[in-house]
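Shown next, in structure tokens, is the structure this report addresses.
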Amino acid sequence: MFVAKIENTKKQILTLTQDESRFQIYNIEGLNPPKATINSSKIAGLDGAKFNSAKLDERNIVIYIKLNGDVEANRLFLYSFFNTKEWCKFYYKNGSRDVYIEGYVEAAECSLFTNNEIMQVSILCPNPYFKAMQEIVDDISKTIGKFTFPFSINIDEPIEISTLDTSKVTNVYNDSETETGVIIQIDVLDNVNQILIRSVTTGETLRLTYAFMENDRIIIDTNKGKKSITLMRNAIQYNLFTAMAKGSAFFQLGIGDNWFSYLVDSGVNDDLVNISFKHYTLYRGV
């Protein structure tokens with residue numbers, strides 16, 4: 001049993017498997033892991049070839065839909081969700097995975113002059129990975145909560161509401177089937193001048209030097225093809241690429257454990273920012 005949905009550019013979502021009196025999906029191609037392109041070169045005197053690189057090709061999802069009931073009306077209705085050349089989002093859910101993928105409608109063709117009219121929809125997805133519906137958020141801030149219920153107060157023994165752990169290292173676990181980028185959100189609580197985030201796992205660092213102010217929000221997107229650093233101040237966006245120090249890296253989360261730490265103004269103002277990492281679990285197939 002599965003559920004398939006499509007979202008169009010107007011953010012309208014249609015459940016394709018809900019009403020079989022109008023249309024019925026009888027096959028979907030492109031749900032398996034996409035084909036890989038392997039680059040290799042032949043070397044004189046070497047058996048076989050030398051591996052150079054590999055990458056996954058774009059995903060092509062093809063949906064076959066049998067039109068029922070008022071065939072003409074239902075066909076025209078589906079055209080509004082499968083607009084050729086336009087962006088769309090395809091949702092798929094089965095017993096194991098609840099995912100989506102974004103793409104562009106390549107074609108929506110129908111066999112107009114047959115008794116059993118079939119619509120064949122082709123969607124090209126430049127990013128071949130399915131994303132889990134739920135976004136994963138990890139807070140790597142160093143303030144550790146201590147206040148829990150139930151509680152009692154002893155005047156001679158104060159209760160800790162929170163504490164600052166200057167040596168805290170946070171694990172961001174990536175349960176994907178591949179490495180993935182991450183969106184780092186930094187909320188500034190007071191004026192600071194330098195923020196450094198370090199990957200303890202890889203040794204890479206990302207350092208920002210700028211006169212940050214209270215209520216600033218910094219968004220760092222490390223996803224391939226979308227890399228950016230944006231400052232939100234007083235509801236205005238600023239490109240903050242120039243604040244990134246030479247040698248800084250856009251972190252990629254490897255499969256499994258990824259350990260991170262950070263310093264603000266060389267460690268003296270670590271409690272003046274809240275930092276969270278946001279990412280999605282990626283799958284090759286469903």
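The values are calculated or read from the model by the stated rules, or taken from the named source; none is laboratory data. The shown structure was predicted, so the numbers you read here are calculated from the model rather than taken from an experiment. Every residue, glycine as well, gets a Cβ built from its backbone with ideal geometry; the counts of neighbours run over all protein chains shown. Note: accessible area is taken over every heavy atom of the protein model, side chains too, but ligands, DNA and RNA are not part of it. Shrake-Rupley method; radii C 1.70, N 1.55, O 1.52, S 1.80 Å.
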Handout entry: Selection from segment 46-64 of residues that are free of Cβ contacts under 8 Å to residues at least 40 places away in the same chain and either of a type in the set (Val, Ile, Thr) or open to solvent by less than 70 Å² (accessible area, probe 1.4 Å) (or both)
Key = Gly48, Ala49, Ser53, Ala54
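Does any residue of segment 234-242 turn out to be of a type outside the set (Lys, Arg), open to solvent by less than 40 Å² (accessible area, probe 1.4 Å) and at pLDDT 95 or above?
Checked against the condition, which is being of a type outside the set (Lys, Arg), open to solvent by less than 40 Å² (accessible area, probe 1.4 Å) and at pLDDT 95 or above, segment 234-242 yields no hits at all.
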Fill in the blank from the handout: The condition of being open to solvent by 30 Å² or more (accessible area, probe 1.4 Å) and either over 27 Å from Asn94 (Cα atoms) or without any contact (Cβ under 8 Å) to a residue 24 or more places away in the chain (or both) holds, among Val264, Val268, Val286, only for Val268
Practice task
List every residue pair whose Cβ atoms sit under 7 Å apart, with the two residues 6 or more apart in sequence or on different chains, where the first one lies in segment 65-85 and is part of a loop (DSSP other than H, G, I, E, B) and the second, anywhere, is of a type in the set (Gly, Ala, Ser) and surrounded by 15 or more Cβ atoms within 10 Å (Cβ to Cβ).
Solution key: Phe82/Ala108; Thr84/Ala108
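Could you check, for segment 38-45, whether at least one of its residues is outside any helix (DSSP H, G or I), surrounded by fewer than 17 Cβ atoms within 10 Å (Cβ to Cβ) and either touching a residue at least 24 places away in the same chain (Cβ under 8 Å) or among the acidic types (Asp, Glu) (or both)? Quick ask: steps written out before the conclusion?
Quick first cut of segment 38-45, residues outside any helix (DSSP H, G or I) only: 38-45.
In the following step, the residues that additionally are surrounded by fewer than 17 Cβ atoms within 10 Å (Cβ to Cβ) were identified as 38-45.
Next cut, either touching a residue at least 24 places away in the same chain (Cβ under 8 Å) or among the acidic types (Asp, Glu) (or both) only: none.
The answer is no, given that none of the residues of segment 38-45 is outside any helix (DSSP H, G or I), surrounded by fewer than 17 Cβ atoms within 10 Å (Cβ to Cβ) and either touching a residue at least 24 places away in the same chain (Cβ under 8 Å) or among the acidic types (Asp, Glu) (or both).
Evaluate segment 17-35: report whether one residue or more is of a type in the set (Asp, Glu), assigned to a loop (DSSP other than H, G, I, E, B) and touching a Ser or Thr at 6+ places or on another chain (Cβ under 9 Å).
First, the residues of segment 17-35 that are of a type in the set (Asp, Glu): 19-20, 29.
Cutting the leftovers down to assigned to a loop (DSSP other than H, G, I, E, B) gives us 19-20.
Then keep just the ones that are touching a Ser or Thr at 6+ places or on another chain (Cβ under 9 Å); that gives none.
Checked against the condition, which is being of a type in the set (Asp, Glu), assigned to a loop (DSSP other than H, G, I, E, B) and touching a Ser or Thr at 6+ places or on another chain (Cβ under 9 Å), segment 17-35 yields no hits at all.
Can you work out which of the residues in segment 46-64 that are among the aliphatic types (A, V, I, L, M) and not in a strand (DSSP E or B) is nearest to Thr180 (Cα to Cα)?
The extreme case among them is Ala49.
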Exercise for the section: Considering every residue within segment 189-202, establish whether at least one is among the hydroxyl-bearing types (Ser, Thr, Tyr), in contact (Cβ under 8 Å) with a residue 40 or more places away in the chain and assigned to a strand (DSSP E or B). Expected result: yes
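Have a look at Lys89, Lys85 and point out the one that is open to solvent by 70 Å² or more (accessible area, probe 1.4 Å) and at pLDDT 95 or above. Break it down stepwise before answering.
Details: Lys89 fails: open to solvent by 70 Å² or more (accessible area, probe 1.4 Å).
Selected residue: Lys85, the only one of Lys89, Lys85 that is open to solvent by 70 Å² or more (accessible area, probe 1.4 Å) and at pLDDT 95 or above.
Looking at the structure I just gave you, is Leu231 in contact with a Lys or Arg (Cβ under 8 Å, 6 or more places away or on another chain) and either at pLDDT below 95 or buried (at least 18 other Cβ atoms within 10 Å of the Cβ) (or both)?
Values: in contact with a Lys or Arg (Cβ under 8 Å, 6 or more places away or on another chain): yes; either at pLDDT below 95 or buried (at least 18 other Cβ atoms within 10 Å of the Cβ) (or both): yes.
Spelling it out, Leu231 is indeed in contact with a Lys or Arg (Cβ under 8 Å, 6 or more places away or on another chain) and either at pLDDT below 95 or buried (at least 18 other Cβ atoms within 10 Å of the Cβ) (or both).
Tell me, yes or no, whether segment 256-266 has at least one residue that is assigned to a loop (DSSP other than H, G, I, E, B) and within 19 Å of Tyr280 (Cβ to Cβ).
Kept after step one, since they are assigned to a loop (DSSP other than H, G, I, E, B), are these residues of segment 256-266: 257-258.
Still in the running and within 19 Å of Tyr280 (Cβ to Cβ): 257-258.
Within segment 256-266, one or more residues are assigned to a loop (DSSP other than H, G, I, E, B) and within 19 Å of Tyr280 (Cβ to Cβ).
Thr17: farther than 30 Å from Glu179 by Cα and open to solvent by less than 60 Å² (accessible area, probe 1.4 Å), yes or no?
Numbers: farther than 30 Å from Glu179 by Cα: yes; open to solvent by less than 60 Å² (accessible area, probe 1.4 Å): yes.
Judged against the criteria, Thr17 is a match.
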Fill in the blank from the handout: Log entry, pairs with first residue in segment 19-36 being among the small types (Gly, Ala, Ser), second being part of a strand (DSSP E or B), beta carbons closer than 7 Å, six or more apart or on different chains, reads Gly30/Arg59; Gly30/Asn60; Gly30/Ile61; Gly30/Val62; Ala36/Ala54; Ala36/Lys55; Ala36/Leu56
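Kindly evaluate Glu102 against the criterion of being surrounded by fewer than 17 Cβ atoms within 10 Å (Cβ to Cβ), in contact (Cβ under 8 Å) with a residue 60 or more places away in the chain and of a type outside the set (Lys, Arg). Before the answer, list the steps.
Values: surrounded by fewer than 17 Cβ atoms within 10 Å (Cβ to Cβ): yes; in contact (Cβ under 8 Å) with a residue 60 or more places away in the chain: no; of a type outside the set (Lys, Arg): yes.
So Glu102 fails the test.
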Fill in the blank from the handout: Going through segment 105-125 in order, the residues found to be modelled with pLDDT of 95 or more and open to solvent by 40 Å² or more (accessible area, probe 1.4 Å) are Glu106, Gln120, Leu124
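Kindly establish whether Lys5 is surrounded by fewer than 10 Cβ atoms within 10 Å (Cβ to Cβ), under 18 Å from Phe81 (Cβ atoms) and at pLDDT 90 or above. Can you show your working first?
On the way: surrounded by fewer than 10 Cβ atoms within 10 Å (Cβ to Cβ): no; under 18 Å from Phe81 (Cβ atoms): yes; at pLDDT 90 or above: yes.
Considered against the rule, which asks whether it is surrounded by fewer than 10 Cβ atoms within 10 Å (Cβ to Cβ), under 18 Å from Phe81 (Cβ atoms) and at pLDDT 90 or above, Lys5 comes out as no.
Take segment 250-261 and flag every residue that is open to solvent by 20 Å² or more (accessible area, probe 1.4 Å) and not β-branched (Val, Ile, Thr). Full working, then the answer.
So the first thing to find is which residues in segment 250-261 are open to solvent by 20 Å² or more (accessible area, probe 1.4 Å), and the list is 250, 252, 254-255, 257, 259, 261.
The answer is Phe250, Gln252, Gly254, Asp257, Trp259, Ser261.
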